[in-house]
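Below: one structure, written as structure tokens.
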Amino acid sequence: MASNSDLVALARQRLYPNYKQAPLVFVRGRGCELFDVDGRRYLDLCAGVAVCSVGHAHPALARVIADQAATLMHVSNYFYNEPNIRLADELCRRSGFDRALFCNSGTEANEAMLKLARHHFFGLGQGGRVRVVAFADAFHGRTLGALSMTGTPKYREGFGPLGPVTHVPYGDVAAVERAMGPDVCAIIVEPVQGEGGVQPAPAGFLAKLRSIADAHGALLLADEVQTGIGRLGRFLGSDVSGVRPDAVALAKGLGGGFPIGAMLTTEKLAGALPPGTHGSTFGGNALACATALAVLRIVDDEGLVDGASTKGDALGAMLQQLADDLPDVCEGTRGQGLLRGLVLRPGLVARDILPLIQEAGVLVIAAGEHVLRFAPPLVVSIAQLEEGVRATRRVLSELRALRASA
Ligand SMILES: Cc1ncc(COP(=O)(O)O)c(C=O)c1O
């Protein structure tokens with residue numbers, strides 16, 4: 001077998017260089033552990049960016065994927081397939097929504113919500129309602145519609161003209177009210193901003209957005225690509241605040257590593273995208289849907305939604321202790337459930353610290369400039385969380401000593 005460095009050299013020659021990738025080539029995983037091509041073990045506390053909800057190579061999930069692949073993978077949306085129908089039913093039952101539209105990624109789920117909002121008003125004869133109110137630092141994806149709603153300037157720069165979206169500070173109710181107008185079709189919000197720095201919505205914020213949207217006759221859309229499927233300790237992140245959006249976007253944890261996205265919405269909006277207005281060749285194929293059904297079964301069987309709440313609280317306490325013990329490198333912690341951030345002091349760039357934590361055998365990721373993000377598989381154990389926080393503590397302590405001596 002080729003070595004890690006041989007493969008990294010080939011990757012650097014042949015892969016399109018749009019990512020800044022760590023020089024690690026993984027070949028195998030089990031639960032929360034990953035093994036690189038040289039056989040080194042890493043504790044995975046990022047789950048492929050909050051994706052591998054049931055861990056790597058879960059035997060029940062692998063079995064379903066193999067069986068479904070050997071039975072039926074794809075027939076297109078010209079026909080029905082049973083896993084697709086069953087998954088729509090399961091998602092609606094769990095979430096309280098009425099309808100599911102399937103796609104292949106979080107970006108696509110957000111595009112579907114944007115098209116839903118615009119076409120809903122088009123159908124009502126209000127085709128001028130095209131503008132969206134979104135938030136600074138929001139991340140909704142990279143295609144042009146989703147990018148229009150994404151709030152980070154560095155992702156948007158050079159890709160204009162983008163769609164009409166007004167970005168206001170996250171949590172600022174007055175700014176949302178000021179941004180509303182007769183041309184607004186929707187407000188889009190993440191219950192916790194993931195990429196934007198693990199920033200939970202202030203208490204009551206989602207409820208306020210609900211009432212502002214209602215007052216203006218606009219839709220409230222929740223991007224739950226990162227927060228959905230139990231990560232915050234409830235099936236949907238918006239369940240934490242008890243707010244019911246008009247539609248939610250799901251992806252990431254839904255497939256446990258297999259690409260699938262979904263938009264869930266209400267019966268009231270079922271007519272907004274009639275046949276011919278939106279679709280996807282691969283969206284909702286039998287293999288992806290059987291996989292997601294198996295993920296939901298595992299999530300139930302292993303109590304992973306409640307587990308995300310209790311283990312998330314434990315992780316939050318461990319990180320808070322770390323922040324309290326190392327106040328000159330850590331500013332604090334934030335997050336909910338198993339989506340947690342350790343906020344570093346200004347001057348410390350999270351991305352620069354990741355390689356040191358990797359070197360210590362643990363994988364976490366950055367969120368924004370100054371936040372180390374912990375989004376482990378939901379199957380993580382308390383002992384694994386302790387191991388990860390211990391390694392992070394070691395690295396940050398060394399860094400503090402270096403800074404003190406400089
Ligand atoms: C909240 C949120 N929305 C959308 C996306 C985009 O999802 P995808 O990369 O599956 O297209 C992400 C990805 O990080 C996300 O965190």
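The values are calculated or read from the model by the stated rules, or taken from the named source; none is laboratory data. Only a predicted model underlies this, so the values are computations on that prediction, with no experimental measurement involved. Neighbour counts are summed over all protein chains in view; Cβ atoms, including those assigned to glycine, are modelled from backbone coordinates with ideal geometry. Heavy atoms of the whole protein, side chains included, go into the accessibility calculation; ligands, DNA and RNA do not. Shrake-Rupley method; radii C 1.70, N 1.55, O 1.52, S 1.80 Å.
From the list LEU322, LEU269, LEU273, LEU315, pick out the single residue that is open to solvent by less than 20 Å² (accessible area, probe 1.4 Å), assigned by TED's automatic domain parsing to the domain that holds ARG118 and either over 23 Å from the mean Cα position of the chain (by Cα) or closer than 19 Å to VAL240 by Cα (or both). Step through it out loud before you land on a result.
On the way: LEU322 fails: assigned by TED's automatic domain parsing to the domain that holds ARG118; LEU273 fails: open to solvent by less than 20 Å² (accessible area, probe 1.4 Å); LEU315 fails: assigned by TED's automatic domain parsing to the domain that holds ARG118.
It is LEU269.
Kindly provide the set of residues from the stretch 357-406 that are outside any loop (DSSP other than H, G, I, E, B), charged (D, E, K, R) and surrounded by fewer than 21 Cβ atoms within 10 Å (Cβ to Cβ), ordered by number. Break it down stepwise before answering.
Narrowing the stretch 357-406 to residues outside any loop (DSSP other than H, G, I, E, B): 357-359, 362-363, 365-367, 371-374, 382-405.
Now drop any that are not charged (D, E, K, R), which leaves 359, 373, 386-387, 390, 393-394, 398, 400, 403.
Matches in the stretch 357-406: GLU359, GLU386, GLU387, ARG390, ARG393, ARG394, GLU398, ARG400, ARG403.
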Do we find a residue being open to solvent by less than 10 Å² (accessible area, probe 1.4 Å), outside any helix (DSSP H, G or I), at positive phi and away from the ligand (no atom under 12 Å from the Cβ) anywhere in the stretch 237-253? no
Can you pull out the residues in the stretch 165-214 that are away from the ligand (no atom under 16 Å from the Cβ), polar (S, T, N, Q) and open to solvent by 50 Å² or more (accessible area, probe 1.4 Å)? SER211
What do you reckon, is SER3 hydroxyl-bearing (Ser, Thr, Tyr), open to solvent by less than 50 Å² (accessible area, probe 1.4 Å) and more than 16 Å from the ligand (Cβ to nearest atom)? yes
Considering only the stretch 238-276, how many residues are within 14 Å of GLY96 (Cα to Cα) and either without any contact (Cβ under 8 Å) to a residue 60 or more places away in the chain or charged (D, E, K, R) (or both)? 9
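Return the residue satisfying two criteria in turn: it lies in the stretch 108-118 and is touching a residue at least 40 places away in the same chain (Cβ under 8 Å) and either within 13 Å of the ligand (Cβ to nearest atom) or open to solvent by 10 Å² or more (accessible area, probe 1.4 Å) (or both), and of such residues it is farthest from the chain's Cα centre (by Cα). Working first, answer last.
Taking the stretch 108-118 and keeping what is touching a residue at least 40 places away in the same chain (Cβ under 8 Å), we get 108-110, 112-118.
Imposing the further condition that a residue be either within 13 Å of the ligand (Cβ to nearest atom) or open to solvent by 10 Å² or more (accessible area, probe 1.4 Å) (or both) reduces the set to 108-110, 112-115, 118.
Numbers: GLU108: 13, ALA109: 12, ASN110: 12, ALA112: 16, MET113: 16, LEU114: 18, LYS115: 20, ARG118: 24 Å.
Across the stretch 108-118, the extreme among qualifying residues is ARG118.
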Could you tell me which of the residues LEU348, LEU354, LEU342 is of a type in the set (A, V, I, L, M), on the phi < 0 side of the Ramachandran plot and part of a helix (DSSP H, G or I)? LEU354
Given GLU224, GLU195, which one is in contact with a helix residue (DSSP H, G or I) (Cβ under 6 Å, 6 or more places away or on another chain), charged (D, E, K, R) and within 25 Å of VAL343 (Cα to Cα)? GLU224
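Please work out which residue is surrounded by the fewest Cβ atoms within 10 Å (Cβ to Cβ), limiting yourself to the stretch 93-107 and to residues that are within 16 Å of the ligand (Cβ to nearest atom) and small (Gly, Ala, Ser). Spell out the reasoning first.
Narrowing the stretch 93-107 to residues within 16 Å of the ligand (Cβ to nearest atom): 101-107.
Okay, now just the ones that are also small (Gly, Ala, Ser), so 105-106.
On the way: SER105: 22, GLY106: 29.
Once the filter is applied, the top-ranked residue is SER105.
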Output the number of residues of the stretch 33-63 satisfying the condition of being open to solvent by less than 40 Å² (accessible area, probe 1.4 Å), part of a strand (DSSP E or B) and either among the acidic types (Asp, Glu) or touching a residue at least 12 places away in the same chain (Cβ under 8 Å) (or both). 6
